[in-house]
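The values are calculated or read from the model by the stated rules, or taken from the named source; none is laboratory data. Remember, it's a predicted structure, so these values are computed and weren't measured experimentally. Because the Cβ atoms are built from the backbone with ideal geometry, glycine has one as well, and the counts that use them run over all protein chains shown. What goes into the accessible areas is simple: the full protein's heavy atoms, side chains included, and nothing from ligands, DNA or RNA. Shrake-Rupley method; radii C 1.70, N 1.55, O 1.52, S 1.80 Å.
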Amino acid sequence: MTKAYIRFSLALFYVIVSQLWVDYRAYAQEGDPSLSLSDLSISQWTTSDGLSSNNLTSVFQDSQGLIWVTSFNGVMIYDGERVEIFDKNSLSILKTDGFHCVAERASGELLLGSQGNGIVSYKSGKFALLRPKIGRIPKSVRDIIVMNQGEVYAGTDNFGLYRVHQDTSQAVLIEELSNVTVKALHGTASGDVWIGTEGKGVYGLTETDTLHFTLADGLRSNTVNAIAQDQAGRILIGTNGGLQYYTPEEGLQDVVSLFDIYVNCIMVDSDNSIWVGSELGVLKYDQETGTLENLYQKRGVELVRVSSLMMDKEDNIWVSSNRAGLIRLKRSLATNLIVPDITSNRVYIVHESWDGKLYIGSDQNLIDQRNGDSNKRIKVESKLYDNGVRDIYHDSDGSLWLATYGGVVHKRLQGETRYSIQTGMPANNFRTVLKDGRGDYWFGSRSGGLVKFRDGQIQRVYTNGKGMKSSFVLAVEESVNGEIYVGTHSGGLTIIDPEGQTRTYPLNEDDSGMLLFNMELHEDGTALLTSTVGLVYFDGHRLSLVELQSDGKSRTFFDVMEDDYGHIWVSSNKGVLKISKEEFESYLRGEVERVGFFVLDETNGMNNEECTGATRMTKLKNGEIYVPTLGGICIVDPLKVKQNQFQSLPLIRHVMVDNEEMDWHGEDEIEVSASVKRMTFQYSALSYLAPERNLYKFKLEGFDHQWSKPSTVGAIEYTNIPPGHFTFRVMSSVDGLTWSPSEYAFSFEVLPFFYETWWFYALVISMLGLIVGGAYRWRVAFINRQNVELKKVNAELDRFVYSASHEMRSPLSSILGLVAVARNDKETDQEVYFEHIEASVMRLDGFIKDIIDYSRNARLGVQVQSVKLNKMIQEILDDLSFTGNYKKIRRQLDLGDKMVLNTDPSRLKIVLSNLITNAFKHHAPDDVMDPFVSIVLQKTIRGVVMIVTDNGPGIDKKYHKDIFKMFYRATTRSEGSGLGLYMVAEIIAKLGGELQIDSVLGKGSTFTVELPDLPLTKLK
């Protein structure tokens, strides 16, 4: 048989065995093996992370999922999002800040054993001191247990053991424990109580007996620090001298492997392994195999002076330390191959050969060849310029092709050949090497493009402008139909068909600066690619970005690979992403907007979460994935990286109203004041595997139209929430793939301001109705008044036009007549005619003056001044002194003393002039005895009353209502225009006054005018 045939047979046998191994592993890992300390990753919380102290006394998880941490500087609650500290500064009930332990009743009430405050109760978000009605509880409580029937046992400092039940507290074993410190308690399902003391050994209270063990009975120390029970029912007793156990059949026995260990605390896990916290680390004892492991230090964290151990609902191990703060241990999801098992931790490539060996390229001038656990170094003779080996291909003839920055090295069993610029290569800086199905080699370089190589000769070079858009090649892969896919720097994706024809697909119009690092090809020609801008999908026609859910971290993706179990793996500068292939296909169908992912990083076991830039991962035939990192090789077993099955309901931790916490526990719906400007909701997923990557979606029903986008922030603030009923809902996810089955809800009502209530709206609507109705009625009345006024004005205008034309035409006709007579009459003295003409002109002039006064009164605004009434009346009388009747009539004046009125002087003069002039002008002094005109002024609160009286002919009562009309004359003897009294009435109305007439025909008339004082301002 030829060597080639033997080599082929061995390779075929290896493939078959590898597949069988994969199938076996998939079957075997349906159940997880016992957890080894070496498989644990570690995380630490200290005062730098918000703890009140690094000196912790215990850690406890309650039924809701909250982590409680006790210390001598207060008690803390950690929910994965925030650490809250409760001490004397925040709780007025506390006299000291020391706390030792936490226990929980079936009702969910938490009991905290304190140093100086007795037992502190926590229920519905409120702390209170537990004060039984009968008996007392000592102030310093070391340990608390809650029994099945609800009894509480409290171990105290120096006062022994107390039992609290139904508001009654009483001491237990008074004679034995009255002055003893009880350090540890444990209650069994059958109701037994075990008591660990300081200096007096251990007691067991059973249904029928009281047991007591000390040094004399074989106990390793009389100081008992911890008590627990394993799955076989054995009572585990931890002392200063080691770990022992007790059964009724065997009595007190040593756990030999833990002999002479200072035991601080004990925990039994689901595998019945015993975990011990000591002064010098955490120990795990496997009772089935008898093996003991010790973890003292990991990744720089020292597990010293361990005070308590606790396994949470997700199987995380929590460790409290008197020195190192709070520590979480969880199962590592990855293993690491690092120095000294390999030459360098800066790994570029891992290549699995057909013979099952691994060839590892790093920054060294050599190759690591691993065969199982053995490692062999193969030196590269060619100079690599300190850049190491970037890619490896183990050929079927046993030779190695190496892509280096010193050229392509072909290393045979005897000697090696370097292909570089000196031998005709377009560049020296090669990154990739591929052998296709036709036997051609493809070498990708940083600056010389892609080289097709065969039989020691260059067949063709693809560069920028010659078949490609870039000469910087990062990735080269072959599809099932023989096409070569090439990822480039700034030149998109180029595909070369078997005939050498190329086609290029850009992501954007300008791909400058975008690097396509690596790709995963599918049989249908589609592909997933990693790039500097994210994960990219090629559908056979175009490139598009894949929208991933955000966890708040910016990542650069280097390689993408599909495993054999339905997952996609993506390496990055911040860990390795695991994506469900099923969810990704749903994304391609448009069923989900973003693709969720789980992140594998240093918290999950990676030695260094920064994957080596632009390098490829390798999937071995056994299904494991080897990831090059800056801290060695991270080995991922997809079967171990299981989706987290734990799904707790997210918990709304706090509701803040204008920065003040609201007391809402136990309420179906709470009321919020209308004055509230902002509401803040704080919540947590209560998952501690990777709390920094817990995701939340929230919705305020009644305010938000849809659920929010996933976010890692465990709080949201709303402002200016309108009045109404609202329900805040939140759901969570620990991996971005599966969301909590039902969302946590919180309902509340924002009360309205009084002006936002229905009754206020009804009142406003009613008032608006009344206002509109009133305005309508006012408007109608106003329009009616306007119509009346218009009718009045029209009537007056008609009379005015008629009378004015008549009054103006009459003097003119008289003048024309007199002129005609004068021309024909040569005998009569012409002076007579002139006198008559003058009289007609004067009458016309008076009429025109009345019209002017009427116009001014209607048109001009009121001009208010202080008017001296005595002076104005005297001026009017002086003007009348030349008239015919003036000297025949006695004047009777009662004008007061310098009486003043604030009014419009011009309008007032028209009123007084008309009234006084009429009294003299229309008097008949020859017809009465003692003719007189009386003028009286009287001061009032509002202003002035003016009374003008005469004993002239008077006016018949039937004319009283008409004399104030325009152009009205009560007698034919009147020579006036008929405008005087009309203007008097109009002016008095405009000045806000009142006018009265009292006249009897044949006896005289009295006109009474009352005018108010007006403000000394201009009124319109």
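The lysines within cross-link reach of LYS792, meaning a Cα-to-Cα straight distance under 25 Å and a gap of 8 or more places when in the same chain, are LYS849, LYS957, LYS958, LYS961, LYS965, LYS990, LYS1020.
Contact order for the stretch 348-467, expressed relative to its length and based on alpha carbon pairs under 8 Å spaced 6+ residues apart, stands at 14 percent. State the dimensionless ratio Rg/Rh of the stretch 476-522 (Rg: radius of gyration of Cα atoms; Rh: Kirkwood radius). Using Cα coordinates only, the ratio equals 0.98.
In the context of the full protein assembly, CYS634 retains an accessible surface of approximately 0 Å², using a probe radius of 1.4 Å and ignoring ligands and nucleic acids. Amide H contacts of ASN902: VAL867, LEU1014, each under 5 Å away and 5 or more positions distant or on a separate chain (H built 1.01 Å from N in the peptide plane; Pro and chain starts excluded).
Determine, from the Cβ-Cβ distance of ASP510 and LYS376 and an R0 of 41 Å, the FRET efficiency 1/(1 + (r/R0)^6), rounded to the nearest 0.05.
Values: r = 48 Å, r/R0 = 1.17.
Calculated value: 0.30.
Rolling a 1.4 angstrom probe over the stretch 604-713 with all protein chains present gives an accessible area of which 43% lies on carbon and sulfur atoms.
When peptides 727-739, 224-236, 532-544 are ranked by their average number of other Cβ atoms within 10 Å per residue, the highest-first order is 727-739, 224-236, 532-544. With both labels modelled 7 Å from their Cα along Cα-to-Cβ, the ASP663 to TRP778 distance reads 5.2 nm. Extension gain for the segment LYS709 to GLU416, taken as residue separation times 0.36 nm less the Cα-Cα distance, is 99.8 nm to one decimal. Peptides 520-529, 427-436, 461-470 ranked from most to least packed give 427-436, 461-470, 520-529, packing being the mean of other C-beta atoms within 10 angstrom over each peptide's residues.
Here each label is just a point 7 Å from Cα along the line to Cβ, and for ASP927 and ALA745 those points are 10.2 nm apart.
Using r as the Cβ-Cβ distance of ARG82 and SER396, and R0 as 60 Å, what FRET efficiency do you calculate, to the nearest 0.05? Between ARG82 and SER396 the formula returns 0.50.
From the coordinates of this entry, volume of the Cα convex hull per residue in Å³ is computed, and it appears in (1) 191; (2) 349; (3) 204 under the label (2). Short-range pairs are left out: with C-alpha atoms under 8 Å and at least six residues apart, the relative contact order of the stretch 651-750 is 31 percent. Between the amide H of GLY534 and those of PHE557, distances stay under 5 Å, these residues lying 5 or more places away or on another chain, with hydrogens modeled in the peptide plane. Applying the Karplus relation 6.51 cos²θ - 1.76 cosθ + 1.60 with θ = phi - 60° to the stretch 519-529 yields 3J(HN,Hα) values of 8, 10, 8, 10, 4, 8, x, 7, 7, 10, 10 Hz, where x marks Gly and Pro.
Packing order of peptides 143-156, 399-412, highest average first: 399-412, 143-156 (average count of other Cβ atoms within 10 Å over each peptide's residues).
For the pair ALA232 and TRP758, label points projected 7 Å from Cα toward Cβ lie 7.2 nm apart. Counting only DSSP beta bridges with both residues in the chain, the antiparallel share comes to about 95 percent. Loop-located trypsin sites (Lys or Arg not before Pro) in the stretch 855-916 (DSSP state not H, G, I, E or B) with no more than 11 neighbouring Cβ atoms inside 10 Å: LYS898. Structural descriptor for the chain: relative contact order 6 percent, calculated from alpha carbon pairs under 8 angstrom and at least 6 residues apart.
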